[in-house]
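Right, one structure below, let's go through it.
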Amino acid sequence: QVYLMESGGRLVEAGGSLQLSCAASGRTAERLVMGWFRQAPGKEREFVTALTWIGSSTYYADSVKGRFTISKDDNKDMVYLQMNNLKPEDTAVYYCAASSSVLIGRRRNEYAYWGQGTQVTVSP
């Protein structure tokens with residue numbers, strides 16, 4: 001079993017920055033890949049970025065490449081999402097997710113564990 005809890009979401013102006021945090025606990029073997037997804041009102045949940053817990057390989061959606069950075073702190077079992085140059089279209093609930101796969105996946109069904117989400121709102 002893996003438990004995830006996101007924090008850090010808030011209202012921010014366009015062009016601003018925000019860092020989201022995800023506290024992870026549980027079996028390491030079930031969270032070899034850690035990802036961030038987001039869901040805007042009326043839209044499907046979409047992949048944002050992910051990293052491998054071993055080796056720290058990363059992958060980003062084109063929409064956030066160059067603006068968002070995923071990282072982790074092994075000692076604290078934390079995963080972070082640094083978001084810079086935020087745009088109104090980044091407004092969404094952001095979810096942390098964990099997968100037991102050794103490869104980064106971009107589909108929701110590849111992730112078995114999810115946090116409760118944290119709201120990010122970017123004002124124009």
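The values are calculated or read from the model by the stated rules, or taken from the named source; none is laboratory data. Fair warning: this is a prediction, and the values are worked out from it, not measured in the lab. Don't worry about glycine lacking a Cβ; one is built from the backbone with ideal geometry, like all the others, and counts go over all protein chains shown. These accessible areas exclude ligands, DNA and RNA; they are computed on the full protein's heavy atoms, side chains included. Shrake-Rupley method; radii C 1.70, N 1.55, O 1.52, S 1.80 Å.
A few remarks follow.
- The residues neighbouring residue 109, those whose beta-carbon lies less than 13 Å from its own, together hold a net charge of +2 under the Lys/Arg +1, Asp/Glu -1 convention.
- Antiparallel content of DSSP bridges confined to the chain, in %, to 5: 95 percent
- For the chain, the solvent-accessible area works out to 51 Å² per residue, with a probe of 1.4 Å and every protein chain left in place.
- Accessible carbon and sulfur surface of region 66-113 relative to its total accessible area, %, 1.4 Å: 44 percent
- Positive minus negative residues near residue 2 (Lys, Arg vs Asp, Glu; Cβ under 10 Å): +1
- Electrostatic bookkeeping for residue 85 treats Lys and Arg as +1 and Asp and Glu as -1; over the other residues with beta carbon under 14 Å from its beta carbon, the sum is 0.
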